[in-house]
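A short worksheet on the structure shown next.
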Amino acid sequence: MSLNPQQRLAVEHTQSPLLVVAGAGSGKTRVITEKIAYLVECGVEPDRIAAVTFTNKAAREMRQRSAQLLGAEVAQRLRVSTFHALGFAIIREERESLGLRSGFTIFDPTDVTARVAELLTSEGIKARDYAESIQHQLSHWKGQLLTPDDAALPQMKGPRQVHAADIFERYNAALRICNAVDLDDLVYLPVRLFEKDQQALARWRDQISYLLVDEYQDTNAMQYRLVVQLVGGRGCLTAVGDDDQSIYSWRGA
């Protein structure tokens, strides 16, 4: 099926950031994969194109569609992944700057709850009453890109926030002792690193000439910040999603 004129405009637009808006089932993901193929046809090296989405299923679909358009060998060179997988790749390459060793692990929510419970118990707090709730508070703060120092500044509204602020720094330290990160860290740590290490940020900007984001309207503060950092002042972002800030919009072909 050929692209309609508005889809074609979106695919061929490469000189500035572009936000495309369309309803469900109208071909947003297809536009991204067609744009990837177009960039390769224009001479962009596949390994300098990154496309990110929110689920492993969506990333697999995008890789499969790209392989159909470009062939498996070329498609394998593309960086198509979830935000978390992209963050994992950054952490793996920059692990020494982040205080991690080779072979670091990722704590799932069960692991995190157990670690939080241990820290609370050491404070004389009944862990079973607060561990999961405090885990959610710590995750919320990381989602807002707060540090332990930041978290201690706002007026606390209840015991959950007070206890969470008390253990935030020790929780992060406990993860490093275990040579581990949590799921939030997969985006949180790259963003914090890029804020203070311009050389690391420059290396990653140099690796990615074009960044394409599927379902852009679902980005949270951390993910949005990572996108902004990687793009910088260049016109290499294409984002698609359901919003009302469209530059181009289209109906399904």
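For residue 38, the conditions (1) open to solvent by 60 Å² or more (accessible area, probe 1.4 Å); (2) outside any loop (DSSP other than H, G, I, E, B); (3) over 25 Å from residue 194 (Cα atoms) all hold with the exception of (1). In the condition set (1) touching a residue at least 60 places away in the same chain (Cβ under 8 Å); (2) open to solvent by 80 Å² or more (accessible area, probe 1.4 Å), residue 132 is compliant with all but (1). With respect to (1) open to solvent by 10 Å² or more (accessible area, probe 1.4 Å); (2) within 23 Å of residue 123 (Cα to Cα); (3) at pLDDT 90 or above, the lone exception for residue 167 is condition (1). Scanning region 108-121 for residues that are touching a Lys or Arg at 6+ places or on another chain (Cβ under 8 Å) and either surrounded by fewer than 18 Cβ atoms within 10 Å (Cβ to Cβ) or of a type in the set (Val, Ile, Thr) (or both) yields nothing. Apart from one condition, residue 26 fits all of (1) part of a loop (DSSP other than H, G, I, E, B); (2) among the hydroxyl-bearing types (Ser, Thr, Tyr); (3) open to solvent by 20 Å² or more (accessible area, probe 1.4 Å); the exception is (3).
Looking only at region 89-104, how many residues end up being open to solvent by 60 Å² or more (accessible area, probe 1.4 Å) and closer than 26 Å to residue 219 by Cβ? So the count comes out to 4. I need the full set of residues from region 136-155 which are modelled with pLDDT under 80 and either within 18 Å of residue 124 (Cβ to Cβ) or not hydrophobic (A, V, I, L, M, F, W, C) (or both), in order please. If the condition is that a residue be modelled with pLDDT under 80 and either within 18 Å of residue 124 (Cβ to Cβ) or not hydrophobic (A, V, I, L, M, F, W, C) (or both), then 154, 155 are the ones that fit.
How do the helices (runs of 4 or more DSSP H) wholly within region 77-173 filter down when requiring 1 or more residues that are among the aromatic types (Phe, Trp, Tyr): which remain? Where helices (runs of 4 or more DSSP H) fall fully within region 77-173 and carry at least 1 residues being among the aromatic types (Phe, Trp, Tyr), they are 83-93, 127-143. A count restricted to region 194-233 and to residues that are open to solvent by 50 Å² or more (accessible area, probe 1.4 Å), in a loop (DSSP other than H, G, I, E, B) and at pLDDT 95 or above stands at 0. Given the criteria buried (at least 20 other Cβ atoms within 10 Å of the Cβ) and more than 21 Å from residue 208 (Cα to Cα), does residue 50 qualify? Spelling it out, it is not the case that residue 50 is buried (at least 20 other Cβ atoms within 10 Å of the Cβ) and more than 21 Å from residue 208 (Cα to Cα). If you check residue 124 against the conditions, is it of a type outside the set (S, T, N, Q), under 30 Å from residue 63 (Cβ atoms) and either modelled with pLDDT under 90 or open to solvent by less than 70 Å² (accessible area, probe 1.4 Å) (or both)? Spelling it out, it is not the case that residue 124 is of a type outside the set (S, T, N, Q), under 30 Å from residue 63 (Cβ atoms) and either modelled with pLDDT under 90 or open to solvent by less than 70 Å² (accessible area, probe 1.4 Å) (or both). Among the residues of region 177-193, those identified as crowded, with 17+ Cβ neighbours inside 10 Å and part of a helix (DSSP H, G or I) are 185, 186, 187, 188, 189, 190, 191, 192, 193.
The values are calculated or read from the model by the stated rules, or taken from the named source; none is laboratory data. Predicted, not measured: the structure shown is a model, and the values here were computed from it. Cβ atoms come from the backbone with ideal geometry, glycine included; neighbour counts cover every protein chain shown. Ligands, DNA and RNA are excluded from the accessible area calculation, which covers all protein heavy atoms including side chains. Shrake-Rupley method; radii C 1.70, N 1.55, O 1.52, S 1.80 Å.
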